[in-house]
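Encoded as C-alpha coordinates, the structure appears first; notes follow it.
The values are calculated or read from the model by the stated rules, or taken from the named source; none is laboratory data. Here the structure is a predicted model, which means the values were calculated and not measured. Cβ: placed from backbone, ideal geometry, glycine included. Neighbour counts: every protein chain shown. The accessibility values were calculated without ligands, DNA or RNA, using every heavy atom of the protein model including side chains. Shrake-Rupley method; radii C 1.70, N 1.55, O 1.52, S 1.80 Å.
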Amino acid sequence: SMHERKAKMTELADAFIAMPGGFGTFDELFEAITWAQLGYHNKPIGLLNVAGYFDPLLQLIEHSITEGFVSRSNGGLVLTADQPERLLEMLEQRVAASPAVEDRSALAAEGTTAEGLAGMHVRKASGTHALGPKAVTRKRN
(Lines give C-alpha, C1' and ligand atoms only; values in the text may rest on other atoms or scores of the structure.)
Protein backbone atom coordinates (compact mmCIF):
# COMPACT_ATOMS: atom_id res chain seq x y z
CA SER A 1 0.00 0.00 0.00
CA MET A 2 1.00 3.64 -0.28
CA HIS A 3 1.21 3.93 3.51
CA GLU A 4 3.57 0.95 3.71
CA ARG A 5 5.77 2.41 0.96
CA LYS A 6 6.05 5.73 2.78
CA ALA A 7 6.85 3.94 6.04
CA LYS A 8 9.62 2.00 4.27
CA MET A 9 10.93 5.23 2.71
CA THR A 10 11.09 6.79 6.15
CA GLU A 11 12.84 3.76 7.61
CA LEU A 12 15.54 3.64 4.91
CA ALA A 13 16.15 7.35 4.46
CA ASP A 14 18.55 9.59 6.33
CA ALA A 15 16.89 12.70 4.88
CA PHE A 16 14.15 13.82 2.50
CA ILE A 17 14.20 16.26 -0.39
CA ALA A 18 11.05 17.58 -2.04
CA MET A 19 11.50 18.95 -5.53
CA PRO A 20 8.80 20.73 -7.51
CA GLY A 21 5.88 18.39 -8.03
CA GLY A 22 2.17 17.90 -7.55
CA PHE A 23 -0.22 16.43 -5.02
CA GLY A 24 1.78 13.22 -4.54
CA THR A 25 4.84 15.29 -3.67
CA PHE A 26 2.82 17.40 -1.24
CA ASP A 27 1.37 14.27 0.39
CA GLU A 28 4.80 12.71 0.87
CA LEU A 29 6.32 15.99 2.05
CA PHE A 30 3.64 16.69 4.63
CA GLU A 31 3.65 13.11 5.89
CA ALA A 32 7.43 13.37 6.46
CA ILE A 33 6.89 16.70 8.26
CA THR A 34 4.00 15.35 10.33
CA TRP A 35 5.91 12.22 11.34
CA ALA A 36 8.87 14.40 12.40
CA GLN A 37 6.53 16.68 14.36
CA LEU A 38 5.06 13.65 16.14
CA GLY A 39 8.54 12.30 16.93
CA TYR A 40 8.38 9.23 14.67
CA HIS A 41 11.67 10.32 13.08
CA ASN A 42 14.14 13.19 13.34
CA LYS A 43 15.45 13.08 9.80
CA PRO A 44 15.95 16.39 8.02
CA ILE A 45 13.45 17.49 5.40
CA GLY A 46 14.50 19.79 2.60
CA LEU A 47 12.77 21.74 -0.13
CA LEU A 48 14.73 22.32 -3.32
CA ASN A 49 13.11 25.65 -4.16
CA VAL A 50 13.78 25.70 -7.91
CA ALA A 51 12.89 29.09 -9.44
CA GLY A 52 10.88 29.96 -6.32
CA TYR A 53 8.43 27.08 -6.86
CA PHE A 54 7.89 26.57 -3.12
CA ASP A 55 7.70 30.29 -2.22
CA PRO A 56 3.88 30.19 -1.82
CA LEU A 57 4.15 27.08 0.37
CA LEU A 58 6.84 28.70 2.51
CA GLN A 59 4.60 31.77 2.87
CA LEU A 60 1.74 29.50 3.96
CA ILE A 61 3.96 27.80 6.55
CA GLU A 62 5.02 31.21 7.87
CA HIS A 63 1.38 32.33 7.96
CA SER A 64 0.47 29.17 9.90
CA ILE A 65 3.21 30.00 12.42
CA THR A 66 2.05 33.61 12.73
CA GLU A 67 -1.55 32.48 13.27
CA GLY A 68 -0.46 29.99 15.95
CA PHE A 69 -1.35 26.77 14.14
CA VAL A 70 2.27 25.66 13.71
CA SER A 71 4.96 26.21 16.32
CA ARG A 72 8.13 28.04 15.31
CA SER A 73 10.16 24.91 16.13
CA ASN A 74 7.98 22.73 13.90
CA GLY A 75 8.20 25.33 11.15
CA GLY A 76 11.96 24.92 11.40
CA LEU A 77 11.70 21.25 10.45
CA VAL A 78 11.83 22.24 6.77
CA LEU A 79 15.15 23.36 5.30
CA THR A 80 15.12 25.26 2.01
CA ALA A 81 17.66 26.18 -0.63
CA ASP A 82 17.53 27.00 -4.31
CA GLN A 83 20.75 25.16 -5.16
CA PRO A 84 21.07 21.37 -4.79
CA GLU A 85 24.60 21.56 -3.40
CA ARG A 86 23.57 24.01 -0.67
CA LEU A 87 20.53 21.94 0.29
CA LEU A 88 22.66 18.80 0.54
CA GLU A 89 25.13 20.65 2.78
CA MET A 90 22.28 21.79 5.03
CA LEU A 91 20.83 18.26 5.21
CA GLU A 92 24.25 16.76 5.98
CA GLN A 93 24.76 19.26 8.80
CA ARG A 94 21.34 18.44 10.26
CA VAL A 95 21.94 14.68 9.97
CA ALA A 96 25.32 15.01 11.71
CA ALA A 97 23.75 17.00 14.55
CA SER A 98 20.75 14.69 15.07
CA PRO A 99 20.79 11.48 17.06
CA ALA A 100 19.05 8.56 15.36
CA VAL A 101 15.54 7.69 16.51
CA GLU A 102 15.69 3.98 17.23
CA ASP A 103 12.19 3.30 18.55
CA ARG A 104 9.68 2.93 15.75
CA SER A 105 7.04 1.40 18.03
CA ALA A 106 4.71 4.34 17.44
CA LEU A 107 4.56 3.46 13.75
CA ALA A 108 4.06 -0.22 14.51
CA ALA A 109 1.27 0.63 16.94
CA GLU A 110 -0.48 2.49 14.12
CA GLY A 111 -0.42 -0.68 12.00
CA THR A 112 2.41 0.48 9.75
CA THR A 113 4.62 -2.17 8.26
CA ALA A 114 7.59 -1.80 6.00
CA GLU A 115 7.69 -5.32 4.60
CA GLY A 116 8.39 -5.92 0.94
CA LEU A 117 8.92 -2.36 -0.20
CA ALA A 118 12.03 -1.07 -1.89
CA GLY A 119 11.71 2.57 -0.84
CA MET A 120 10.94 5.80 -2.58
CA HIS A 121 10.50 6.04 -6.32
CA VAL A 122 12.34 8.75 -8.20
CA ARG A 123 10.60 10.71 -10.93
CA LYS A 124 12.27 13.05 -13.38
CA ALA A 125 12.80 16.49 -11.82
CA SER A 126 9.86 16.29 -9.44
CA GLY A 127 8.70 14.62 -6.29
CA THR A 128 9.92 13.76 -2.85
CA HIS A 129 13.10 11.77 -2.69
CA ALA A 130 14.48 9.77 0.17
CA LEU A 131 18.21 10.06 0.60
CA GLY A 132 19.86 6.93 1.85
CA PRO A 133 23.26 6.42 3.46
CA LYS A 134 25.12 6.85 0.17
CA ALA A 135 23.65 10.31 -0.47
CA VAL A 136 23.83 11.69 3.06
CA THR A 137 26.13 9.98 5.49
CA ARG A 138 25.27 9.51 9.13
CA LYS A 139 27.65 8.47 11.85
CA ARG A 140 26.06 5.47 13.51
CA ASN A 141 26.95 4.18 16.96
(request) Provide the solvent-accessible area of ARG86, counting protein heavy atoms only and rolling a 1.4 Å probe, rounded to the nearest 10 Å². (result) 110 Å²
(request) Scan segment 1-84 for chymotrypsin sites (Phe, Trp or Tyr not before Pro) in coil per DSSP, keeping those whose Cβ has at most 11 other Cβ atoms within 10 Å, and list them by number. (result) PHE69
(request) Show the residues, 5+ positions off or on another chain, whose built amide H is closer than 5 Å to the amide H of LEU79. (result) ILE45, GLY46, LEU47
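Taking a 1.4 Å probe, which of THR34, THR10, THR66 shows the most accessible area, and what order do the others take after it?
Numbers: THR34 60, THR10 5, THR66 100 Å².
Listed by decreasing accessible area, they come as THR66, THR34, THR10.
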(message) Need one value: the accessible area of ASP27 in square angstrom, 1.4 angstrom probe, rounded to the nearest 10.
(response) 70 Å²
(request) With a 1.4 Å probe and every protein chain left in place, tell me how much accessible area SER71 has, in Å² to the nearest 10. (result) 50 Å²
(message) If I stretch the segment between ASP82 and GLN37 completely, what's the gain in nm (0.36 nm per residue apart, minus their alpha carbon distance), one decimal?
(response) 13.8 nm
(message) In whole percent, and with a 1.4 Å probe on the protein chains, what portion of the accessible area of segment 1-48 is carbon and sulfur?
(response) 64 percent
(message) With a cut-off of 8 Å between alpha carbons and a minimum separation of six or more residues, what is the relative contact order of segment 2-90 in percent?
(response) 30 percent
(request) Using the Karplus curve 6.51 cos²θ - 1.76 cosθ + 1.60 with θ = phi - 60°, work out ³J(HN,Hα) for each residue of segment 42-49 in order, rounded to whole Hz, and write x for Gly and Pro. (result) 10, 7, x, 10, x, 10, 8, 8
